[in-house]
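Everything below concerns the one structure shown next.
Quick note: the coordinates plus some simple rules give every number you see, no bench work behind them. The structure presented is a predicted model; accordingly, all values stated were derived computationally and were not measured. As a convention, Cβ positions derive from the backbone with ideal geometry for all residues, glycine included, and neighbour counts pool all protein chains shown.
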Amino acid sequence: MTADKKIRILLCDDHSVVRNGLKSFLSIYEDFELVGEARNGEQAIALVNQHRPDVVLMDLMMPVLDGAAATRRIKEKFPKTQVIALTSFKDEELVKGALEAGAIGYLLKDLSADELARAIRLAFEGKPTLAPEAAEVLIEASRPHQRKLGDDLTEREREVLALMVEGLNNQQIAERLVVSLSTAKSHVSSILSKLGVTTRTEAVSLALKHKI
């Protein structure tokens, strides 16, 4: 990249120490130009409006206006400006929020200078970069969570199952819970169905094995 084609960068972080560190990072590379610094999302929007940077390095947890909200407003008004979320957190909601707001990258602050530089150059070209930890969070969130055996049992059915484990028959269960015999039988039948078994013995065995 030639000298007159430098990537113009805006920093947005509420901690001056972090901004100073990022400035040191950026000063290493001849193809980068720092055009401004913001302490919160509102300032970032104003500075983007003023300087029209190519890339914004955006913290997410900030006062006044958080990074995701600022990113959304920046992308709505300046779609050509690319935003990289640069944060210490990898929570699922933060990752999703930043990407849904329009961030092209999500990176953690413990990355190296070269990793950051590569992400900035890719963002400038319109290519995304995602920290491995953030990618893992999204992959995990997209997986259907397997239900544990017995999760669909009602509280009453759990009570009945516990009494079955104690060895009580239907009549004894009815008396213990002060319900009719037909109600007790109905609960037991439902329990067997939900556990995928046909006998009380199997149900008790599964309850003990899986600590239902």
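Odds and ends about this structure:
- Close amide-amide hydrogen proximity is noted between ALA38 and LEU11, CYS12, ASP13, each under 5 Å apart and 5 or more residues distant or on a separate chain (H modeled in the peptide plane; Pro and chain starts excluded).
- Structure-based [θ]222 nm, the chain - -39500 (n - 2.57) summed over DSSP H runs of at least 4, per residue, nearest 500: -16000 deg cm²/dmol
- Summary of the geometry: the range 112-131 and the range 14-77, compared by the centres of their Cα atoms, lie 15 Å apart.
- Partners of LYS185 within straight-line reach, counting lysines whose Cα lies under 26 Å from its Cα and excluding those fewer than 8 residues away in the same chain: LYS148, LYS194, LYS209, LYS211.
- Straightening the chain between GLN50 and GLU76 buys 7.8 nm, computed as 0.36 nm per residue apart minus the Cα-Cα spacing.
- Protection proxy ranking of 200-208, 53-61 - average other beta-carbon atoms within 10 Å, highest first: 53-61, 200-208
- Amide proton proximity set for LEU86, modelled H, under 5 Å, gap of 5+: MET58, ASP59, LEU60, LEU107
- Looking at the range 56-124, the trypsin sites (Lys or Arg not before Pro) that sit in a DSSP loop and have at most 10 other Cβ atoms within 10 Å of their own Cβ are LYS80.
- Relative to the longest principal axis of the Cα atoms of the chain, the long axis of helix 16-27 makes an angle of roughly 60 degrees.
- Of all beta bridges that DSSP places with both ends in the chain, some 0 percent have antiparallel geometry.
- Acute angle (nearest 10 degrees) that the helix 155-165 long axis makes with the longest principal axis of the chain, alpha-carbon atoms: 50 degrees
- Eligible lysines near LYS90 by straight Cα distance, threshold 18 Å, same-chain separation 8 or greater: LYS109
- Under 16 Å of direct C-alpha separation, and excluding same-chain neighbours fewer than eight residues apart, LYS127 reaches these lysines: LYS75, LYS80.
- Against the chain, whose longest principal axis is taken from its Cα atoms, helix 92-101 shows a tilt of about 50°.
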